[in-house]
Structures are given as structure tokens and as C-alpha cells.
1. Got a sec? Which of 70, 123 is without any contact (Cβ under 8 Å) to a residue 40 or more places away in the chain and within 12 Å of the ligand (Cβ to nearest atom)?
2. State which residue is surrounded by the most Cβ atoms within 10 Å (Cβ to Cβ) when the search covers only the stretch 261-283 and only residues that are closer than 17 Å to residue 294 by Cα and more than 17 Å from the chain's Cα centre (by Cα).
3. Restricting to the stretch 42-65, what's the tally of residues that are open to solvent by 10 Å² or more (accessible area, probe 1.4 Å) and within 26 Å of residue 267 (Cα to Cα)?
4. In the set 157, 181, which member is surrounded by fewer than 22 Cβ atoms within 10 Å (Cβ to Cβ) and within 16 Å of the ligand (Cβ to nearest atom)?
5. Test residue 309 against the criterion of being in contact with a Phe, Trp or Tyr (Cβ under 7 Å, 6 or more places away or on another chain) and surrounded by fewer than 19 Cβ atoms within 10 Å (Cβ to Cβ), and give yes or no.
6. Confirm whether residue 329 is surrounded by 15 or more Cβ atoms within 10 Å (Cβ to Cβ), modelled with pLDDT under 95 and of a type outside the set (A, V, I, L, M).
7. Take the conditions within 16 Å of the ligand (Cβ to nearest atom) and surrounded by 14 or more Cβ atoms within 10 Å (Cβ to Cβ) and apply them to residue 75. Does it pass?
8. List the residue pairs whose Cβ atoms are under 9 Å apart, where the first residue sits in the stretch 20-34 and is closer than 15 Å to residue 161 by Cβ, the second is assigned to a helix (DSSP H, G or I) and open to solvent by 50 Å² or more (accessible area, probe 1.4 Å), and the two are 6 or more positions apart or on different chains.
Amino acid sequence: MMDVLKTPFLSMGVHTPAFEQSFCELTGRKHAVAVNSGTAGLHLCVRAAGIGPGDLVITTPFSFVASSNVLLFENAVPVFVDVDLQTGNIDTEMAADAAGHIEKYLPRRLDGRTGSLKALLPVDVFGQPADMDAIKAVAKAHELIVIEDSCEALGATYKGRQAGTLGDFGVFAFYPNKQITTGEGGVIITDDGRAADFMRALRNQGRAPGDTWLSHTHLGYNYRIDEMSAALGRAQMSRLDELLTKREQVAAWYEARLAEIPGVEVPYVSSSTTRMSWFVYVIRFDGKLDRDVIAKKLEEQGVPVRPYFLPIHLQPYMAERFGWREGDFPITEDLGRRGLAVPFSGVMREEQVEAVCRAIREVVSGL
Ligand SMILES: Cc1ncc(COP(=O)(O)O)c(C=O)c1O
């Protein structure tokens, strides 16, 4: 990475295409486009999919807000369906029903015109792929584009296939808490060459091939990844398997200890998940234990924990814009109330995991 600083190219040099190439190699996809965040990557997919004002996209409220925000950037409408209780991933039967009867699922408040149903945007929550075969069947039946938000799932596999390759577009993200990091960054993968060219232009202020620095064919953005980040990403990608294996070990240490504590549920791994790419380790408490009380006591003991996720439909700006209310997506809300991310990274030692588990055991048994 330091070598980059000795070259004249701190942006758009040799590391960006090499970093992209490592994604083509991992996933078998023809094209990879590196950008400066996962959010930017998802936004470019929305643009490339032609999703515009009023268009409807079926997605999940149990996710990090960016997966829905990118739709709002284009004044499109996230049409939420609830999630599977065990995995927290989009409920594919509901997604199928929504695709066939979209009017039943529309938000209460819709200002302006409603366009057509254009896409499905499933999220591979906490590193576990959504049930993509079912999603693809819905997409095929209704001619919808699929954008797979794999920002949390780099290297996970679904029935032996890499996460991110299961829709028309897949997006990964590399914020420091992710499986690999570039500081900030993201990568889009696709087999669609035209879309990839368009997204390359959009990330670079709308400059199409042949444009000069000051001529811009499209309305674009500065979503370029810099060369230092790309160089870091290349080095991280060469260690991906090792990094994922370390995270698997930490997850296994947690599971062995936490599964025994009454009232604590450890993450569920679906049989279709042939490799989990552990992103965070989110446990759930049964309904009798108050997650927030437990979280407060753990924080007091110096154990940093975080509720995961706060439902998207109840975020103030979303609820206000679309009229969503508490009770609209009961499973998402239930998971949002009971889930707690415990300290997790690939460099944790077993005694650190043990200390966290001891604290959880003590707090839970003392309630
Ligand atoms: C599910 C999901 N989507 C999108 C993003 C956005 O990625 P970034 O933070 O790189 O913009 C994240 C990461 O935080 C995420 O977890």
C-alpha cells in the first residue's frame, strides 16, 4: 500500500482494476466495478436497473438502512415484506405474494405517481445468503431485476454458489467491521457488460468512454475508490479464506458457550448456507428477557454490544414519508427487539470470547 504513495496515481491507477479482477476470480462473474462504498455500489445498481421515480422494489425492512435508502435516492418506493424468523432474511413466500398482489403491500402513504414493479432487492443478512433460488423464481415469473445486497456476505456460499452472484447484480462492502476492509469501499459484480460500462461511467462523474475530464455524457457521481484503498483491498482479498476461517473459529467459540445459556438463542444457519461468512455475531434473547436491560448491564461491565437491526420502516424519515407504523412487520420488529450483536472480529482470542460469554451468563442469570 505504501508503494502507491510513491506513484503519481492515487486514483484510477493499476490497483483498482486488479482489485476488481480478484472479485471476478472469486465469483466467476464477468465484470466487477469498485466504488467508494457499498451504498454507492447499490445506488449504481439502482441506476443501471433503470429504477426511477415511483418505481416499486420489493425489499426487506430488516437490514442496514442503505439497502432501502438507495431506492429513495431515485425517488423509488421500497415495498417491504417481512422476514423469515430464523434467518432474518426476506420471506420469499411473502415476496412471491407481493409480486403477484403488489397493491396489498404498498405503503400507506405514497406521494406522487406510482410506477411499475421493477426489481427485488434481497439482503444477505449478517453474512447468510437469502433464499436466492426462491427469489429468482419470483423474478422470473414477474420479469424483475434482482439486486443482491451482499454487503455483509463476502465469501458466503448458497448451495455452493458465491453470495453476490445469485441475482443480476451483487454488491459487497468494506467498511472496517466487514470481512475484508479497504477503509471505505465497495464492489459491484455482474455479467451484464453494458450495465458495467454504465456504472463505470457513473462512478466517474458520468464520463463515458471517449469523454474528456471535463465532458460528461451522463449525470454521474464521484464514487471512485482511491488507489490506497484498492491496494489494501487486493492484499485483503488474497487472505479472504484465512480471514473467513478465523471468523468461523470465533463464531464456533461463541456458539459452544452461548447455546447452553437458558433464554439465549445463537444464530441459525440454514441448510442452504454452505458457507456462512460471519459478519457480526447476533444473539437473541427469548421474550421474557429484556434485551435493553441486558445490553445496559453488559455495557456497564465494559462489554460493547449493539442492538441489531433497528427496523428500517420505523426509522423516523421512513415512517414519516411512507406512513409505516409499529406492527406493520411483526417479525422484523420482534427480531429488532430481541437481537444483540456481541463483540466480534477475526482477531478475538478464545479467552476474550470466554470473558464476554461469562458476562452474558452472569447478567442473564442475575435478572
Ligand atoms: C446490508 C448492508 N447494505 C449496505 C451497506 C452499506 O455499505 P457501506 O457502509 O459501505 O456504504 C451495509 C454496510 O454497512 C450493509 O450492512
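1. Working: 123 fails: without any contact (Cβ under 8 Å) to a residue 40 or more places away in the chain.
Step by step, each of 70, 123 is checked, and only 70 is without any contact (Cβ under 8 Å) to a residue 40 or more places away in the chain and within 12 Å of the ligand (Cβ to nearest atom).
2. Filtering the stretch 261-283 down to residues closer than 17 Å to residue 294 by Cα leaves 261-266, 281-283.
Those left that are additionally more than 17 Å from the chain's Cα centre (by Cα): 261-266, 283.
Values: 261: 17, 262: 10, 263: 14, 264: 20, 265: 16, 266: 18, 283: 23.
Among them, the one singled out is 283.
3. 2
4. Details: 157 fails: within 16 Å of the ligand (Cβ to nearest atom).
From the options 157, 181, the qualifying one is 181.
5. Numbers: in contact with a Phe, Trp or Tyr (Cβ under 7 Å, 6 or more places away or on another chain): yes; surrounded by fewer than 19 Cβ atoms within 10 Å (Cβ to Cβ): no.
Considered against the rule, which asks whether it is in contact with a Phe, Trp or Tyr (Cβ under 7 Å, 6 or more places away or on another chain) and surrounded by fewer than 19 Cβ atoms within 10 Å (Cβ to Cβ), residue 309 comes out as no.
6. On the way: surrounded by 15 or more Cβ atoms within 10 Å (Cβ to Cβ): yes; modelled with pLDDT under 95: no; of a type outside the set (A, V, I, L, M): yes.
No: the conditions fail for residue 329.
7. Working: within 16 Å of the ligand (Cβ to nearest atom): no; surrounded by 14 or more Cβ atoms within 10 Å (Cβ to Cβ): yes.
The answer is no for residue 75.
8. none
The values are calculated or read from the model by the stated rules, or taken from the named source; none is laboratory data. On a predicted model such as this, the values are computed, not experimentally measured, just so you know. Neighbour counts run over all protein chains shown; Cβ positions are idealised from the backbone, glycine included. These accessible areas exclude ligands, DNA and RNA; they are computed on the full protein's heavy atoms, side chains included. Shrake-Rupley method; radii C 1.70, N 1.55, O 1.52, S 1.80 Å.
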